[in-house]
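Below: the structure, in structure tokens.
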Amino acid sequence: GDTNPHERMRIEKDGKVGIGVNDPDTTLEVFSTSTQQKWSYDGSNYSTMAVASTGATTIANSRGDITLDSAGDISLDAGGDNIFFKTGGTYRLDIFNSSGDFYIQTKTSSKDLIFRQSGGTETLRLTDAGHVEVKDNLLLKSDAAVLKFGVDSDVSLTHVHNNGLLLNTSKKIM
């Protein structure tokens with residue numbers, strides 16, 4: 001075998017530790033072209049972390065859930081403006097910024113975006129066909145609320161405080 005010693009770990013005078021690197025620039029620096037960290041409970045229950053040559057970071061586990069538990073806020077800060085959600089390896093939801101506007105978009109074709117209460121009761125559905133479905137009541141909290149219909153908003157219902165509804169701003173509906 002190899003009888004020449006090889007440095008595998010370095011501890012600097014200031015306490016910085018390097019594994020696979022001889023000039024650590026932080027408390028712990030690990031260099032490897034494969035998995036850099038592995039946290040194990042036993043031989044079959046573990047999590048790993050790897051940083052690719054592109055800088056992309058992957059945290060994976062052998063089974064079970066990954067839980068983020070914080071006494072403070074949890075921030076997702078995507079410099080590329082997109083946050084993607086996947087299940088079973090398939091993209092399901094995309095949250096992104098475009099020209100200052102905020103978007104939430106399903107990534108699976110012909111699927112709806114559904115909002116539920118904590119008990120599982122569906123309250124709002126945005127359908128793939130462009131419909132908005134509300135479970136029970138739609139509340140417009142304004143004494144001058146307007147519902148507009150049509151591509152050019154040629155039909156409208158306007159709430160007039162203490163007076164009822166106006167159809168197209170001229171016909172009173174009691």
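Worth a mention:
- Cut-off of 10 Å, at most 14 other beta carbons, DSSP loop: longest stretch of the chain lacking such GluC sites (Glu not before Pro): 13-174
- Considering only GLY100, GLY164, GLY80, the mean-square fluctuation computed in a Gaussian network model of the chain, springs between alpha carbons under 10 angstrom, is largest for GLY164.
- The gain in end-to-end length when the TYR91 to LEU140 segment is fully stretched comes to 14.2 nm, 0.36 nm per residue minus the alpha carbon separation.
- Dipole magnitude for the chain: about 660 debye, using +1 per Lys or Arg Cβ and -1 per Asp or Glu Cβ, origin at the Cα centre.
- Taken over the chain, the percentage of Cα pairs per 10 Å bin, counting from 0 up to the bin with the maximum distance, is 7, 17, 24, 19, 12, 9, 7, 3, 1, 0.
- Site pair HIS161 and THR127 shows an inter-label distance of 3.7 nm when each label is modelled 7 Å from Cα along Cα→Cβ.
- Three-way shape call for segment 65-104 based on the alpha-carbon gyration tensor, with the a/c threshold at 1.5: oblate
- Note on LEU28 and THR58: with the Förster distance fixed at 25 Å, the Cβ-Cβ geometry gives a FRET efficiency of about 0.85.
- Cα centroid separation, segment 72-100 to segment 23-52 (Å): 25 Å
- Spin-label model distance (nm) - ASP81 vs HIS6, 7 Å beyond Cα toward Cβ: 4.6 nm
Throughout, read-outs are computed from the coordinates displayed, never taken from laboratory work. Bear in mind the structure is a predicted one, so any value in this text is a computation, not a measurement. Reconstructed Cβ throughout: ideal geometry from the backbone, glycine too, with neighbour counts over all protein chains shown.
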